[in-house]
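Enquirer: The structure under discussion is supplied below as structure tokens; questions concerning it will follow.
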Amino acid sequence: MKESLRTFMNGLIDYAGLFPPADLPLNEAINEYFKQLKSENSAMLSRFIIPISKLNDLDEFIMLFSDVGALKLSVLGGGGKTDDEYLSKINQNIADINDYREKHGDKVQIDVIECKMPSNSPSKNTMEKATASLNKNGLKHYHEFAKLPVVGMNYSTDIDDSSWDSEILPTVKLISEMEGAGVKLRCGGIVKEAFPTVEQVAAMIQTCVIADVPMKFTAGLHHPIRHFADEYDGFMHGFINTFSAGIFATTFPKPKNSQEKYRMFILLSHMIDDQNAANFSFSNDSMSWKVEDDRYTTFEIDAEKIENARKKGMISYGSCSFQEPIDDLTQLGWM
């Protein structure tokens, strides 16, 4: 594996074997996670994702990890239909997490919570209270929007009549002002309608990078390159496309006007939509992406920028399979 790809993939995958389409029982999922932690590709693996409702079910498996260190968990919490319900659930999540920490001490590490917001426009007061409590209890937090609005912009027009700027931008800006906070983007699911459009993914990456908000991703990113999936009768996003776009976005200067912002959006959209693996390449020193335009323009990103972008902005993604991404990268000849 080339060093730039090794840097790209370092800690990239949170294991989500409990979730569809794998939908494994807990004993199978936790044993698979343990097995992969001891594999030669373990550097690519990050946390085990678990709903907070299943936390206590982990008790019988804690000792399994005694010779590999603490069991690192990312907990799914939050939710609710109103701001008050959301805040109440966050506070209960914190209490449950602290109880579990106290029960198992340094045998478990719970330092991340992923939570769905009650709406795309939660109140500032609610978010500030939730953030203060989460930070006080040593939890980084990634917030998922309830539902993404349509993005009106596309490859052929710069007219955008959607509610993105009025609905998403203010909340991302609010999150950017909060310590330890980030955005979680869902990239798929078990039905076609769960997959966001290229434009929605590009817009969210652009919005978060401009605001310096870190991102986690979940669902749908089972394969490296975007492709048509017969089982969904639609396209699935690729983790190489998505994270390359996020890393690429960090190399742009902050847009000074709408034209610069639109150019950035278009390039990110093309990168996310690229279905040709040959347009992506990795060397020891850098990764590059070739645009299939009249001039076959090539963009190159050095390994240091990849590392910085991964640490600060493009954090990880949840996948119900760890082996599948490795098999695909091997098939591409990249591993």
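Enquirer: For K81, are the conditions met, namely being touching a strand residue (DSSP E or B) at 6+ places or on another chain (Cβ under 9 Å), not in a helix (DSSP H, G or I) and not aliphatic (A, V, I, L, M)?
Expert: no
Enquirer: Would you be able to tell me the number of residues in the stretch 303-326 that are under 24 Å from V201 (Cβ atoms) and surrounded by fewer than 17 Cβ atoms within 10 Å (Cβ to Cβ)?
Expert: Qualifying residue count for the region: 5.
Enquirer: Something else now. Among the residues of the stretch 261-277, what is the count of those that are without any contact (Cβ under 8 Å) to a residue 24 or more places away in the chain and hydrophobic (A, V, I, L, M, F, W, C)?
Expert: Final tally of qualifying residues: 0.
Matching residues to (1) more than 20 Å from Y262 (Cα to Cα); (2) surrounded by fewer than 18 Cβ atoms within 10 Å (Cβ to Cβ); (3) more than 16 Å from the chain's Cα centre (by Cα); (4) in contact (Cβ under 8 Å) with a residue 12 or more places away in the chain:
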{"site": "C208", "(1), (2), (3), (4)": "no, no, no, yes"}
{"site": "A211", "(1), (2), (3), (4)": "no, yes, yes, yes"}
{"site": "P214", "(1), (2), (3), (4)": "yes, no, no, yes"}
{"site": "P224", "(1), (2), (3), (4)": "yes, no, no, yes"}
{"site": "H227", "(1), (2), (3), (4)": "yes, yes, yes, yes"}
{"site": "M236", "(1), (2), (3), (4)": "yes, no, no, yes"}
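Enquirer: Moving on to the next point. Can you tell me which residue within the stretch 121-150, out of those that are surrounded by fewer than 21 Cβ atoms within 10 Å (Cβ to Cβ) and among the small types (G, A, S), is modelled with the lowest pLDDT?
Expert: A146
Enquirer: With (1) buried (at least 21 other Cβ atoms within 10 Å of the Cβ); (2) part of a helix (DSSP H, G or I); (3) at pLDDT below 95 as the list, and P118 as the residue in question, which single condition is left unmet?
Expert: Condition not satisfied by P118: (2).
Enquirer: Which one of V75, V68 is surrounded by fewer than 16 Cβ atoms within 10 Å (Cβ to Cβ), β-branched (V, I, T), touching a residue at least 24 places away in the same chain (Cβ under 8 Å) and not in a helix (DSSP H, G or I)?
Expert: One residue alone meets the criteria, V68.
Enquirer: While we're on this one: For the stretch 105-151, enumerate the residues that are free of Cβ contacts under 8 Å to residues at least 12 places away in the same chain and β-branched (V, I, T).
Expert: none
Enquirer: Let me ask you something else. Among (1) surrounded by 15 or more Cβ atoms within 10 Å (Cβ to Cβ); (2) more than 22 Å from the chain's Cα centre (by Cα), there is one condition N257 misses while meeting the rest; what is its number?
Expert: All conditions pass for N257, except number (1).
Enquirer: Consider only pairs whose beta carbons are under 7 Å apart and that are at least six residues apart or on different chains; among these, list those whose first residue lies in the stretch 287-298 and is at positive phi and whose second residue is surrounded by 15 or more Cβ atoms within 10 Å (Cβ to Cβ).
Expert: Note: pairs meeting the criteria are Y296/K290.
Enquirer: If you go through the stretch 61-80 one residue at a time, how many are within 30 Å of P122 (Cα to Cα) and either of a type in the set (F, W, Y) or at pLDDT 90 or above (or both)?
Expert: Counting residues in the stretch 61-80 that are within 30 Å of P122 (Cα to Cα) and either of a type in the set (F, W, Y) or at pLDDT 90 or above (or both) gives 6.
Enquirer: If you don't mind, there's one more thing I want to ask. Do we have N98 as under 20 Å from P170 (Cα atoms), assigned to a helix (DSSP H, G or I) and over 24 Å from the mean Cα position of the chain (by Cα) here?
Expert: When the stated conditions are applied, N98 does not pass them.
Enquirer: Turning to a different aspect of this structure: Yes or no: L12 out of contact with any Pro (no Cβ under 6 Å at 6 or more places or on another chain) and without any contact (Cβ under 8 Å) to a residue 60 or more places away in the chain?
Expert: Considered against the rule, which asks whether it is out of contact with any Pro (no Cβ under 6 Å at 6 or more places or on another chain) and without any contact (Cβ under 8 Å) to a residue 60 or more places away in the chain, L12 comes out as no.
Enquirer: Mind counting the residues in the stretch 16-58 that are free of Cβ contacts under 8 Å to residues at least 40 places away in the same chain and either acidic (D, E) or in a strand (DSSP E or B) (or both)?
Expert: So the answer is 6.
Enquirer: When you scan the stretch 182-220, how many residues do you find that are of a type in the set (G, A, S) and within 15 Å of K311 (Cα to Cα)?
Expert: Of the residues in that region, 1 qualify.
Enquirer: Specify the residue that is nearest to A43 (Cα to Cα); the eligible residues are those in the stretch 270-307 that are of a type in the set (S, T, N, Q) and at pLDDT below 95.
Expert: By that ranking, first place goes to T298.
Enquirer: Name every residue in the stretch 222-231 that is in a loop (DSSP other than H, G, I, E, B) and farther than 23 Å from M335 by Cα, in order of residue number.
Expert: The answer is D230, E231.
The values are calculated or read from the model by the stated rules, or taken from the named source; none is laboratory data. Since we're looking at a predicted model, the values are computed, not measured. Positions of Cβ are backbone-derived with ideal geometry, glycine not excepted, and every protein chain shown enters the neighbour counts.
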